[in-house]
Structure formats: C-alpha cells, structure tokens
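*Asks:* This is the structure I have questions about; it appears just below.
The values are calculated or read from the model by the stated rules, or taken from the named source; none is laboratory data. All values reported here derive from a predicted model rather than from experimental measurement. All Cβ positions, glycine included, derive from the backbone under ideal geometry; neighbour counts span all protein chains shown. Just so you know, the surface numbers come from the protein's heavy atoms only, side chains and all, with ligands and any DNA or RNA stripped out. Shrake-Rupley method; radii C 1.70, N 1.55, O 1.52, S 1.80 Å.
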Amino acid sequence: MNIYDRRRAGTILFLIATLIVVGLFLYVSNNLVRDLSTQERERMQIWADATKEIISIGQNQDDPERNATDIEFLLSIIERNHTIPVLLTDDNGTILLHRNFDLPEPPESGDDAYILSEINSRFLYRKLSALKETPNVIHIIISPNNLQHLYYEDSKLLKKLSYYPYIQLLIMLAFIGIVYYAVSSTKRAEQNKVWVGLSKETAHQLGTPISSLMAWVELLPSLGVDKEYVDEMNKDVNRLSTIASRFSKIGSEPTLDAVDLNTIVEKATIYMSSRISSRICLTVSLYSHPLPVKASSPLFEWVMENLIKNAVDAMEGSGSITVTTTAADKKAVIMVSDTGKGINRKNFDTIFHPGFTTKKRGWGLGLTLARRIIEQYHSGRIYVHSSEVGKGTTFAIEIPLTPLQQKD
C-alpha cells in the first residue's frame, strides 16, 4: 500500500466514524421527538375524555352538587392545556371550540369586531382543513348519533424539537468539515515542509560534488582528453548544476519572465532527444506563432522533461512520443502523447497525488511537483487529456498567454 492509499484508507475510516456518530445523534433525537409526540397524544386523549364526561354530566342531573364538583375538576383538566392548539368540531365539521391558536385580540364592538371575527373564522377553518390531512385527531363518541372530533396541532416545543435533528446534523457536518479541512491543511503543510526540506537538502548535497566535477572537467583538456568528450561531459555537469538549482528553488516563489513557450519546449525536447533510446521516436510540432507567457524557464523545462521521462518509462523501451504546442481560449496548450501502456480512467487524478506510482522504484512525487509548478506558480493546469490502456496516454498543460501580446 503506497502513501496515498494509506491516507485514503484513513480518510474513509474517519468518514465512517463520522457517519456512525451522526447516526447515533439522529437516532436519539428522533426517539425524543417520537416520545414527546406520544405524550401529547395521550394528553389530548385525556382532554377528549374530559370533554365527553362533561357532556355526560350535563345530561345527568341526579346529584347537582356532585356534578358541579366533577365539572369543575374536568374543566381544570381542559384549562391546563396552554401549549397544544386544539379544535373541537361536531360531526358536520362545525367548530365548537378552539384553544391556543395565535389569533388577534378582537375589538370590543363595532364593524371592526365583525370583520375580525370573519377573518378569525376563515383562519380557523383553514386550520381545520389542514388538520384533517394529518393523523392528529381523536374521535369522541358521545352517543351513537352524537360524534365530536378533536383536532390538534403539535405544540411549539414539539415543532422546534422536530427541526432540532436537522439543525444538529448541519452543525455537526459543518464542524466535521472544519475539522477535516484543518487536519488536511495541517497534513499538506507538513508534507510541503518535508518536500521543501528534502529538495533544499538535495541541492545542498549536490553542490560540493558538482563544483568538484566542474574543476576536473577544466583539467581534462590539459590531460589530453579529446575535446568532444570534454564538451559532452561539460554539458552533463552543467545539467547537474541546473537540476540542483531547480531543487533549491522549490518552496520559494520563482521569478516569472516573459518568454516564448515554444522556446522552452524546444530546448527541453532537444535535451531529452539525445538521452533516450534510439528505439523511441520523439517528435516535436511547435505552433506557427510565438506563445508569449510568464514562466520560470528552469522549472517549466523540468516539467517537460518529467513528462517525457514518464512517457519513456510507460513504453518500456520502444514507441513514439509526440509533443505539440498550440493556442486556444487565450491559453498556451502543450500536448505530450505516447504509445505506452496507458492509464486507467479511475487514476486520471490519482496519479498526481503524492506517493502514487506504478514503477517498482520511485517515490511518486514527479507528477505531484509538476502539478504544483504548473498550477501554483504558473496559474495553469496539467491533467490527463486522454488515455487508453494498452494504446497510450496524452497529458495536457494549459497556461495563460500574456495579455496584449497574444497572436492567433
């Protein structure tokens, strides 16, 4: 398992744990809402039973004194409901009683009182119509020919609690997102420090042997070594010096100069063409007009060389590589195509993650650094344009053309 797979496995475990915690909170909250809803229905059942008993007592006048006491007790039960909105209707749908609805205070007299009464009446009947579509109803059988119906709304407390799980879920998801972002940012910062430190240390370690090699190359002509050999060795020593310089610049903001992208691409491909197998055909097709861009030539050349090296590795000794440049939508575009083994579509983005590699040897940082150079330093984009397993891959690089100098 590579670095990226381990990090992805940790992320999946974190998300699973998060879902379990969120599920537990929702389960507890939903149980709380359900229990409160059951309690309110039980209260309404008692309210309905009290209403039925009051009507029954009113029809039985055998013991007026005891009846008065019972009615007073039953009315106290009804009066204690200050939270649950209630509508009591007869079997014809006429409202007999309403309680705990937020109605305007009526005027004492006059036309305004009549108008307000009509408004309230329409309001209550709209409520009744809505409540008939809910299960919040208790049927009161006074007698076979006398039915009443008690409709009720959920109390304000129950309504608030019913929204609580969703609010809680949003808050938890936001909190988890913030934590995940903070952890990811910390990891990225630590990785960046490691890469920058490793790069600068590599540049530092290369400095001494490169300086020594330069001195020896200067001595070789005096020792009778053929000038052609010395020149080739000098090219490679200078190349090592350039590589060390590139490593030393990682982590620092590079200087971007106005350059022609065609020149950078041509220089990189000429260097690589003499250092790859003769069985690999490297073809370059440059755009017919200059491609003015702001770029760091050493870093951009490194990206091109990295893509060509990856293409060589993908072809395992023989094949063809085609490098083309063009312009589209105010951007300079580079295409690097090979006839190698190709990439699975599911790995189109994964290959740019640190630690991902298909090679037996390698750290899987080449394409990661290439993306960083293109996207962070050059405000561009690098991606897999197309690929087919067994047939080849095309990488694309896009960076903005310099304003006012663009040519179609």
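*Asks:* On the basis of being at negative phi, within 39 Å of the chain's Cα centre (by Cα) and part of a strand (DSSP E or B), does residue 265 make the cut? First the steps, then the outcome.
*Replies:* Working: at negative phi: yes; within 39 Å of the chain's Cα centre (by Cα): yes; part of a strand (DSSP E or B): no.
No; evaluated as a whole, the condition is false for this residue.
*Asks:* Say we look at the range 169-189 and pick out the residues that are within 20 Å of residue 253 (Cβ to Cβ) and of a type outside the set (S, T, N, Q); which of these is modelled with the highest pLDDT? Step through it out loud before you land on a result.
*Replies:* First, the residues of the range 169-189 that are within 20 Å of residue 253 (Cβ to Cβ): 185, 188-189.
Filter once more, so that each one left must be of a type outside the set (S, T, N, Q): 188-189.
On the way: 188: 73, 189: 76.
Filtering the range 169-189 for residues that are within 20 Å of residue 253 (Cβ to Cβ) and of a type outside the set (S, T, N, Q), the one modelled with the highest pLDDT comes out as 189.
*Asks:* For the range 213-252, which residues satisfy the criterion of being under 30 Å from residue 372 (Cβ atoms), hydrophobic (A, V, I, L, M, F, W, C) and not in a helix (DSSP H, G or I)?
*Replies:* 250
*Asks:* If you don't mind, there's one more thing I want to ask. Go through (1) of a type in the set (D, E, K, R); (2) in contact with a helix residue (DSSP H, G or I) (Cβ under 6 Å, 6 or more places away or on another chain); (3) open to solvent by 90 Å² or more (accessible area, probe 1.4 Å) for residue 228 and report which single condition fails.
*Replies:* Unmet condition: (2).
*Asks:* Can I ask one more? What is the residue count in the range 199-225 for residues that are among the β-branched types (Val, Ile, Thr), free of Cβ contacts under 8 Å to residues at least 12 places away in the same chain and open to solvent by less than 70 Å² (accessible area, probe 1.4 Å)? Step through it out loud before you land on a result.
*Replies:* Start the filter on the range 199-225 by keeping residues that are among the β-branched types (Val, Ile, Thr), which leaves 202, 208, 210, 217, 225.
When the remaining residues are screened for being free of Cβ contacts under 8 Å to residues at least 12 places away in the same chain, the result is 208, 225.
Narrowing further to those that are open to solvent by less than 70 Å² (accessible area, probe 1.4 Å): 225.
Within the range 199-225, residues that are among the β-branched types (Val, Ile, Thr), free of Cβ contacts under 8 Å to residues at least 12 places away in the same chain and open to solvent by less than 70 Å² (accessible area, probe 1.4 Å) number 1.
Let's see how each residue does on (1) assigned to a loop (DSSP other than H, G, I, E, B); (2) at pLDDT 70 or above; (3) not β-branched (Val, Ile, Thr):
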residue: 82; (1), (2), (3): yes, yes, yes
residue: 92; (1), (2), (3): yes, yes, yes
residue: 107; (1), (2), (3): yes, no, yes
residue: 114; (1), (2), (3): no, no, yes
residue: 122; (1), (2), (3): no, yes, yes
residue: 129; (1), (2), (3): no, yes, yes
residue: 133; (1), (2), (3): yes, yes, yes
residue: 149; (1), (2), (3): no, yes, yes
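*Asks:* A follow-up question, please. Can you tell me which residue among 355, 342 is modelled with pLDDT of 90 or more and either not basic (Lys, Arg) or not in a strand (DSSP E or B) (or both)?
*Replies:* Details: 355 fails: modelled with pLDDT of 90 or more.
Criteria check complete, one pass: 342.
*Asks:* While we're here: Which of the residues that make up the range 254-278 are over 17 Å from residue 293 (Cβ atoms), open to solvent by 60 Å² or more (accessible area, probe 1.4 Å) and either in contact (Cβ under 8 Å) with a residue 60 or more places away in the chain or not hydrophobic (A, V, I, L, M, F, W, C) (or both)?
*Replies:* Correct list: 273, 274, 275, 278.
*Asks:* Say we look at the range 326-343 and pick out the residues that are within 13 Å of residue 400 (Cα to Cα) and open to solvent by less than 40 Å² (accessible area, probe 1.4 Å); which of these is farthest from the chain's Cα centre (by Cα)? Even if it seems obvious, please write down each step before you answer.
*Replies:* The initial filter retains those residues of the range 326-343 that are within 13 Å of residue 400 (Cα to Cα), namely 326-334.
Cutting the leftovers down to open to solvent by less than 40 Å² (accessible area, probe 1.4 Å) gives us 327, 332-334.
Details: 327: 32, 332: 29, 333: 28, 334: 29 Å.
Among them, the one singled out is 327.
Listed here are the residues, each with its yes/no results for (1) polar (S, T, N, Q); (2) outside any helix (DSSP H, G or I); (3) at pLDDT 80 or above.
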residue	(1), (2), (3)
10	no, no, no
14	no, no, no
37	yes, no, yes
50	no, no, yes
56	yes, no, no
69	yes, no, no
78	no, no, no
